[in-house]
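Below: the structure, in structure tokens.
The values are calculated or read from the model by the stated rules, or taken from the named source; none is laboratory data. Source: prediction; values computed, not measured. Reconstructed Cβ throughout: ideal geometry from the backbone, glycine too, with neighbour counts over all protein chains shown.
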Amino acid sequence: MTTIEQIKILALDVDGVLTDGTIALSGDLPSETKFFHVHDGLGISIWQKAGFHTILISGRESKCVDSRAEELQIKYVKQHSKDKIADLNTFLSTLDCTPEETCFVGDDLGDIAVMQHVGYSIAVNNAAKEVQDIADWVTPRNGGSGAVRDAVEHLMRANNTWKKCISSLHVEYTNQ
């Protein structure tokens, strides 16, 4: 039985988790726009600074996701995934980690199987009811609005790394 303290890998769906799920397509060009929340970016940076890994797995493909992953130094990205469990397991093998050491954050029905495959699962606040029902925890904020930051803080508070990482950012920390 996995405990939240054992989680080393944060695996994320993209649309609806790192974004609000809105996809803006522009005219005749094969161009799209996605909006990413700065709080999520900081959360991922804190997670990785603590020595943990982040994986992005999306059923869609977008240059926006590659750009955001590069900006956040996320090395493990699979877009146009047809099998999120297989793609996750490929990355986990590379990292010498197990599904039990992994948390997956999802929002919609296509995420349920992978959420049930990992040791700990999180649904964003505006996830489909079926996703929330199987999740171990639900974020207080919606996808694309800081939910990933909430997930990171939740995991790091559980494994007692949050306070140390926050103090290393030279931020005055109070336990309120």
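Listing for the model above:
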read-out: Residue list for segment 70-83, filter: in a helix (DSSP H, G or I) and either in contact (Cβ under 8 Å) with a residue 24 or more places away in the chain or closer than 14 Å to D15 by Cβ (or both); value: E71
read-out: Some residue of segment 88-97 being out of contact with any strand residue (DSSP E or B) (no Cβ under 9 Å at 6 or more places or on another chain), modelled with pLDDT of 95 or more, among the hydroxyl-bearing types (S, T, Y) and over 28 Å from P140 (Cβ atoms); value: yes
read-out: Sole residue being touching a Phe, Trp or Tyr at 6+ places or on another chain (Cβ under 8 Å) and either surrounded by 14 or more Cβ atoms within 10 Å (Cβ to Cβ) or within 21 Å of I7 (Cα to Cα) (or both), chosen from K164, K78; value: K78
read-out: Every residue from segment 125-164 that is part of a helix (DSSP H, G or I) and of a type in the set (S, T, N, Q); value: Q132
read-out: Restricting segment 1-16 to residues that are part of a loop (DSSP other than H, G, I, E, B) and more than 16 Å from H80 (Cα to Cα), the residue that is farthest from the chain's Cα centre (by Cα); value: M1
read-out: Scan of segment 84-142 for residues that are among the acidic types (D, E) and touching a Phe, Trp or Tyr at 6+ places or on another chain (Cβ under 6 Å), ordered by number; value: D136
read-out: Criterion: hydrophobic (A, V, I, L, M, F, W, C), touching a residue at least 60 places away in the same chain (Cβ under 8 Å) and not in a loop (DSSP other than H, G, I, E, B) - qualifying residue of C97, C103; value: C103
read-out: Count of residues meeting criterion [within 11 Å of the chain's Cα centre (by Cα) and under 13 Å from V148 (Cα atoms)] in segment 41-76; value: 7
read-out: Qualifying residue in segment 141-152 (condition: more than 14 Å from V17 (Cβ to Cβ) and either modelled with pLDDT of 95 or more or surrounded by 19 or more Cβ atoms within 10 Å (Cβ to Cβ) (or both)); value: no
